[in-house]
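Peer 1: Okay, handing you the structure first.
The values are calculated or read from the model by the stated rules, or taken from the named source; none is laboratory data. Fair warning: this is a prediction, and the values are worked out from it, not measured in the lab. Glycine also receives a Cβ, built like all others from the backbone with ideal geometry; neighbour counts cover every protein chain displayed.
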Amino acid sequence: MTNRPPTRGSVRIFGFLTVGFAALIGLCCSGIIGTSKWVQLLGLPVERSRIPLPHQVPLIPGGTSLRIAMVHDVVHQRYPVHGEAYWSARLAKAEATIAALPDVEGVPIGSGFLDALDVAAVAHDKLGRPDEGARVMERKLALQHARGAPREIDVSELRRSELGRRRRELEREGGLDEDTLALYRTHANLGTFLLHGGFKAAVGGDPDARAQLGLGLRHVKIAITLNPGAHFGRETWQACFVAHLRSAFEKPEQLLLRYDVCGEKLAKGRVDRDARMARSLTSRERGLIDLALTEEADLELNESARFFITQVGANLEWVKRTRGIHASPVAFDEPVLGILGMWTLGGGANPHSALALGNLMERVGQRAVAWACYERAARLEARFWPDEAVRKGFLQHLRSRQKAIIAAAGADEDAWRKKFDAELAHGLAWQEARMAYEAERIAAGADPEADDFYEAFDAEHGSIASPPGGIDWIDHAEPALASHLLVLLLFAGLFAAGGALLVRFVRLLGLR
Amino acid sequence: MMRRLALSFAAAVLVTAGTAAPAAACINEPRTKHEEREFRSQYDETLERDEKPANEGILPIVRAVVVGAVGASLIGGSAWVATRP
């Protein structure tokens, strides 16, 4: 048998098959390794999109979801408030309604009567008479008890998991009935007014005022039990707030200079570089968030989508000291929305709220907003706590955080402070103009509850809110299909080249 | 000057109101829900989903052309080299 030299045709076929096989291996290898990282490495075209961050998904479908611009606006007083004329006019109207309707135990009373009592009580509180407001609410509660409302409501099992279960039940049942809703309002208002009326004296050590605070907190807890999902959980955070301050009556520096009102440890040292509003998300998780933002969303879907939000609060030591209802970390937007609600619809600017907002914003990497919150807290320092040493420690903390943020951002502190001053002045001026408008229109006989009451003001001044912008979104880059194909082509080419070299080498050795 | 005075007055009113009510508040009256909705509605303006972030310009396309050309050349060149006798 003789070794015949290969024909020209067989040499070509062998070479072609070898190169083809090598190219195929190249395709497989790039497929196994993954083309996405090569697209990134080679800087090939990507398809860019904006993905909503999970805190855009509300706790309850259709409820309020946080925008970071809300925090910015609230600390700069860029939100509507009502003045004395407004509350006086509403009080007068409510008192006229109350006087015109029967108020006898056992006599059927309409919801209009109960609503008028709520308006009158809130108006008293807003006009600086919380004790009067509490008396009106006690009268309402007595009427409700006479109509069969439960006198004893157990709040001992008030825990987050229990509240979640109750919220789900209510969602399925289609919300509260009218009587329970009215009872919820009574307890929420009564608790609030008792807290308002007693707080100052309680901090000063008055035992009666401290007992009043305890009673107020109990009413707030009853309100939470009756309606756990109300006002984006504002009452829950009000209860935490009060529990935090009550626990600070003894050794205030150990609590107030270590934790914020939701139990998140106050930031220390350098600014956290990895702070984010959500952890990095897979495409499946992004899909879940997208779905939760559609009309198909339900409570369970929302809870699943909100799982990816950065969790905050409920430090173990804080939980032990406050024995509050907030005993495990929660998505950061929950306390933020609660504090914003208390600030805008309740007691207004407060150093504890400003500190908590700053701390939480820093925790999720919103440095500029955090700096502004700290600045606002510093301006409210005189109201932080009666003890001068505690106030001094508070101010030191705020300034050190601001310094750390400025260093991390490489910013000019004077420029930030000037901007803060200008925005705060703008917000206050807008609020003042709106209150003056209210007084003028009411004096002219307009009804402050009419839907078109603010029409002329809105037309002249416009909205005070900042545009939300892109802070609540993340930019996402997905390799384009063509880029994937190009990487495959490149790998195929590289392996094919290897195959061609092998063929030449084999021929060189005369093996084929 | 008058404007500054008015602003200072407004700030003083707010501070005084806050001092009188140091604890946070949760009021409930028939218009509370309306006010909450009003506050929320001001932030309803959302970015359009198809609003794309800024692109990186022409460079990625140039790179794509180069990668494609290199890949195709390597395959073509390899086939030519391997099939030469």
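Peer 1: Residue by residue through the stretch A:370-379, note down the ones that are under 16 Å from the mean Cα position of the chain (by Cα) and either farther than 19 Å from residue B:39 by Cβ or surrounded by fewer than 24 Cβ atoms within 10 Å (Cβ to Cβ) (or both).
Peer 2: Within the stretch A:370-379, A:370 is the sole residue that qualifies.
Peer 1: May I ask you to verify whether residue A:318 is surrounded by 22 or more Cβ atoms within 10 Å (Cβ to Cβ), under 26 Å from residue B:27 (Cβ atoms) and of a type in the set (Phe, Trp, Tyr)? Steps first, please.
Peer 2: Working: surrounded by 22 or more Cβ atoms within 10 Å (Cβ to Cβ): yes; under 26 Å from residue B:27 (Cβ atoms): no; of a type in the set (Phe, Trp, Tyr): yes.
For residue A:318, the condition - surrounded by 22 or more Cβ atoms within 10 Å (Cβ to Cβ), under 26 Å from residue B:27 (Cβ atoms) and of a type in the set (Phe, Trp, Tyr) - is not met.
Peer 1: Mind listing just one residue for me: the one in the stretch A:35-58 that is touching a Leu at 6+ places or on another chain (Cβ under 8 Å) and part of a loop (DSSP other than H, G, I, E, B) and, of those, nearest to residue A:457 (Cα to Cα)?
Peer 2: Only one residue fits best here, namely A:57.
Peer 1: From the set of residues in the stretch A:385-410 that are in contact with a helix residue (DSSP H, G or I) (Cβ under 9 Å, 6 or more places away or on another chain) and not in a helix (DSSP H, G or I), which is nearest to residue A:372 (Cα to Cα)?
Peer 2: Among those that are in contact with a helix residue (DSSP H, G or I) (Cβ under 9 Å, 6 or more places away or on another chain) and not in a helix (DSSP H, G or I), it is A:385.
Peer 1: Output the residue which, of all residues in the stretch A:321-353 that are hydroxyl-bearing (Ser, Thr, Tyr) and surrounded by fewer than 22 Cβ atoms within 10 Å (Cβ to Cβ), is nearest to the chain's Cα centre (by Cα).
Peer 2: Residue satisfying both the conditions and the ranking: A:344.
Peer 1: So, one more: Go through A:354, A:370, A:382, A:377 for me and flag whichever is within 12 Å of chain B (Cβ to nearest Cβ), closer than 17 Å to residue A:420 by Cα and either modelled with pLDDT of 90 or more or outside any helix (DSSP H, G or I) (or both).
Peer 2: After applying the criteria, what remains is A:354.
Peer 1: Would you point out which residue out of A:31, A:20, A:26, A:15 is within 30 Å of residue B:65 (Cα to Cα), modelled with pLDDT under 85 and more than 34 Å from the chain's Cα centre (by Cα)?
Peer 2: Result: A:31 is the single residue among A:31, A:20, A:26, A:15 that is within 30 Å of residue B:65 (Cα to Cα), modelled with pLDDT under 85 and more than 34 Å from the chain's Cα centre (by Cα).
Peer 1: Right, here's the next one. Could you check how many residues of the stretch A:488-504 are more than 7 Å from chain B (Cβ to nearest Cβ) and either buried (at least 22 other Cβ atoms within 10 Å of the Cβ) or more than 17 Å from residue A:37 (Cβ to Cβ) (or both)? Even if it seems obvious, please write down each step before you answer.
Peer 2: Going residue by residue through the stretch A:488-504, those that are more than 7 Å from chain B (Cβ to nearest Cβ) are A:488, A:491, A:495, A:498, A:501-502.
Narrowing further to those that are either buried (at least 22 other Cβ atoms within 10 Å of the Cβ) or more than 17 Å from residue A:37 (Cβ to Cβ) (or both): A:491, A:495, A:498, A:501-502.
Result for the stretch A:488-504: 5.
Peer 1: Please go through the stretch A:62-79 and pick out each residue that is modelled with pLDDT of 95 or more and either surrounded by fewer than 21 Cβ atoms within 10 Å (Cβ to Cβ) or closer than 16 Å to residue A:356 by Cα (or both).
Peer 2: Scanning the stretch A:62-79 gives A:68, A:69, A:70, A:71, A:72, A:73, A:74, A:75, A:76.
Peer 1: Then there is this: Does residue A:268 qualify as being at the interface with chain B (Cβ under 10 Å from one of its Cβ atoms), among the basic types (Lys, Arg), surrounded by fewer than 24 Cβ atoms within 10 Å (Cβ to Cβ) and more than 20 Å from the chain's Cα centre (by Cα)?
Peer 2: Values: at the interface with chain B (Cβ under 10 Å from one of its Cβ atoms): no; among the basic types (Lys, Arg): yes; surrounded by fewer than 24 Cβ atoms within 10 Å (Cβ to Cβ): yes; more than 20 Å from the chain's Cα centre (by Cα): yes.
No, not satisfied.
Peer 1: Looking at (1) in contact with a helix residue (DSSP H, G or I) (Cβ under 7 Å, 6 or more places away or on another chain); (2) assigned to a helix (DSSP H, G or I); (3) more than 7 Å from every other protein chain (Cβ to nearest Cβ), which is the one condition that is false for residue A:507?
Peer 2: For residue A:507, the exception is condition (1).
Peer 1: Next question. Would you check which residues across the stretch A:464-477 are more than 7 Å from chain B (Cβ to nearest Cβ), of a type outside the set (A, V, I, L, M, F, W, C) and in a strand (DSSP E or B) and list them?
Peer 2: Across the stretch A:464-477, the qualifying residue is only A:476.
Peer 1: Right, here's the next one. Filter the stretch A:445-474 down to the residues that are of a type in the set (D, E, K, R) and within 30 Å of residue A:57 (Cα to Cα), then identify the one that is farthest from the chain's Cα centre (by Cα).
Peer 2: So the residue we want is A:451.
Peer 1: Going through the stretch A:478-487 one residue at a time, which ones are part of a helix (DSSP H, G or I) and surrounded by 19 or more Cβ atoms within 10 Å (Cβ to Cβ)?
Peer 2: Within the stretch A:478-487, A:483, A:486, A:487 qualify.
Peer 1: Just to be sure before I move on: is residue A:248 at negative phi and within 14 Å of chain B (Cβ to nearest Cβ) in the structure I sent? Don't jump to the end; show me each part of the working.
Peer 2: Details: at negative phi: yes; within 14 Å of chain B (Cβ to nearest Cβ): yes.
Judged against the criteria, residue A:248 is a match.
Peer 1: If the Cβ limit is 6 Å and pairs must be 6+ apart or interchain, which residue in the stretch A:398-419 that is in the same structural domain as residue A:272 (by TED's automatic domain parsing) pairs with which residue that is acidic (Asp, Glu)?
Peer 2: From the stretch A:398-419, the pairs are A:406/A:413.
Peer 1: Exactly one of these conditions fails for residue B:21: (1) over 35 Å from the mean Cα position of the chain (by Cα); (2) exposed (fewer than 15 other Cβ atoms within 10 Å of the Cβ); (3) at pLDDT below 90. Give me its number.
Peer 2: Failed condition: (2).
Peer 1: Within the stretch A:257-264, identify whether any single residue is more than 19 Å from the chain's Cα centre (by Cα) and either surrounded by 20 or more Cβ atoms within 10 Å (Cβ to Cβ) or under 22 Å from residue A:387 (Cα atoms) (or both), and answer yes or no. Working first, answer last.
Peer 2: First, the residues of the stretch A:257-264 that are more than 19 Å from the chain's Cα centre (by Cα): A:257-258.
Now restrict to residues that are either surrounded by 20 or more Cβ atoms within 10 Å (Cβ to Cβ) or under 22 Å from residue A:387 (Cα atoms) (or both): A:257-258.
The answer is yes; a qualifying residue exists.
Peer 1: Same structure again: Considering only the stretch A:309-318, I want to know if a residue exists there that is touching a Pro at 6+ places or on another chain (Cβ under 8 Å) and free of Cβ contacts under 8 Å to residues at least 40 places away in the same chain.
Peer 2: Looking for residues that are touching a Pro at 6+ places or on another chain (Cβ under 8 Å) and free of Cβ contacts under 8 Å to residues at least 40 places away in the same chain, one finds at least one in the stretch A:309-318, hence yes.
Peer 1: Looking at the stretch A:423-446, is at least one residue within 9 Å of another protein chain (Cβ to nearest Cβ), over 30 Å from residue A:286 (Cα atoms) and not in a helix (DSSP H, G or I)?
Peer 2: no
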